[in-house]
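To keep things clear, I will list the structure first and then write my remarks on it.
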Amino acid sequence: MNPGEFVVVNNDRKIESMVYLLHLRNLFSKALVKMPRDYLVKMIFDRKHYTYTMLRENGSVVGGLCFRPFVHRGFAEVVFLAVASGDQVKGKGTLLMNHFKEHCKRDLGIKYLLTYADNFAVGYFKKQGFTEEITLPNNIWKGYIKDYDGGTMMGCRLYEHLDYRNISESLRDILQEVKTTLDNPTATATIYPGLQSFPIDDINSIPGLENFRTEETWIFRNGPGALETQITSILNAAVREPSAWAFREPVDEDLVPGYHSVITDPISLAAMRTKNEKRLYEDKEDFRADVRLMIDNCIMFNGPRHDITKRGQELVAFIMPKIDKIVQYATPDSVDNSEFRKRQRT
Ligand code: ACO
């Protein structure tokens, strides 16, 4: 093992891992004095948990973050973390978190972190980008993560385009990109009135955004303007609707025997979310087709007058106008940039 590295340690019964886990147990029990020792040991030795471990130059352990990944659900629970007492408040906790974020994003495909922060550590988590507002829908994480008394639930979205291991450079590049774009007269030829209030509910309400096209700007690929993000916000709103109760999760054959012999192409809001996360919707009409399929399946199985069908129709009536409002921004592959390039040269 090279010194100064980050390693992921798990109770895989290898001697090397056991040595790290024992060092981590000692570090955690000194730093997390209020945490019962047997609970702490149970967590770090639990085979479903992993500890993202930061080593000193000499290879000894300087900090660790115990986590449980829920890869198929796209999030990870930060169970606890600590830096050795003599090394705290020197930036190591930030370094540990940034490397951990990049590991989650790049190696595990995880897009969201959740934690119950000890109340005295809330300030640290806020500085790492965690907020008390959890934007990950409840149905993805509820029942999966451990509940704590006396802690504050916090979440942090991970952004694909950010390199968390070089966060300062990454943010500087984005700011530079925004500045260059704003300074470019082709992008700022029309001055729009700006936001009337903030925060906004709907990205599409930003004046002029619809007409803004640039080849380079990340917002159209990964940011709030991306098709995926707009569909996510529709699905988030849809699952909260009372009429969605029968449509949130796939129909369970055990509860509804014979469903799958009648409905050969089933679809639920959860299945749409998975497709969207995999970016399988090429445009909003693809997404609309799935919403139609959902109600068509419902009518076929239950009949047009059934109560579930009525709820389904209410849900579809809720979703469709939102699909109409999706603004499909150009991506570098699809945009016709000929005019943009021409103007740039002049
Ligand atoms: N409360 C408020 N702010 C804090 C705290 C805290 N407890 N700890 C650090 N910060 C601030 C720092 O002042 C710094 O602010 P700045 O950027 O304005 O200078 C910023 O957070 C980053 O600090 P780092 O030096 O990177 O953090 P550090 O190396 O001290 O690691 C950690 C933070 C892990 C919380 C460490 O202090 C520690 O081990 N504490 C004891 C154990 C603990 O409380 N763990 C968290 C329990 S909750 C949970 O695990 C879910």
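Would you mind estimating how fast the stretch 59-141 diffuses translationally, via Stokes-Einstein at 37 °C and 0.692 mPa s with the Kirkwood radius over Cα pairs, in µm²/s?
Approximately 242 µm²/s, per Stokes-Einstein.
Within 10 Å of each residue's Cβ, count the other Cβ atoms and sort Lys101, Lys325, Lys284 from fewest upward.
Lys325, Lys284, Lys101
Nothing charged except the Cβ atoms of Lys and Arg (+1) and of Asp and Glu (-1): what's the magnitude of the dipole of the stretch 1-112 about its Cα centre? Round to the nearest 20 debye.
320
Enter the angle in degrees (range 0 to 90, nearest 10) between the Cα long axis of helix 284-302 and the first principal axis of the Cα atoms of the chain, meaning the one along which they spread out most.
The helix 284-302 is inclined about 80 degrees to the chain.
Would you mind checking the pairs Lys90/Lys127; Lys92/Lys127; Lys30/Lys142 and listing those with alpha carbons more than 21 angstrom apart?
As for pairs spanning more than 21 Å Cα to Cα, those are Lys30/Lys142.
Write out the chymotrypsin sites (Phe, Trp or Tyr not before Pro) in the stretch 12-91 meeting two conditions: DSSP loop, and at most 13 other Cβ atoms within 10 Å of their Cβ.
none
Would you work out the charge dipole size for the stretch 95-153 about its Cα centre, treating the Cβ of every Lys and Arg as +1 and the Cβ of every Asp and Glu as -1, and quote it to the nearest 20 debye?
260
Taking Lys14 as the anchor, which lysines have their alpha carbon closer than 19 Å to its alpha carbon, excluding any fewer than eight residues away along the same chain?
Filter leaves Lys42, Lys48.
For each of Trp141, Trp245, count neighbouring Cβ atoms within 10 Å of the residue's Cβ, then give the residues from fewest to most.
Trp245, Trp141
Sticking to Cα atoms, compute the Rg of the chain to one decimal and its Dmax as the biggest Cα-Cα distance, whole number, in Å.
24.0, 72
If you fit an axis through the alpha-carbon atoms of helix 227-240 and take the longest principal axis of the Cα set of the chain, what angle between them do you get, 0 to 90°, nearest 10?
Tilt relative to the chain: about 90 degrees.
Which of the lysines could a cross-linker bridge to Lys325, judged by Cα under 18 Å and excluding same-chain residues fewer than eight apart?
Once the sequence-local lysines are set aside, what remains near Lys325 is Lys284.
Since every read-out is calculated from the coordinates, none of them should be taken as a lab result. Computed from a predicted model, the values in this text were never measured in an experiment. Using ideal geometry, Cβ is built from the backbone for each residue, glycine included, and neighbour counts are taken over all protein chains shown.
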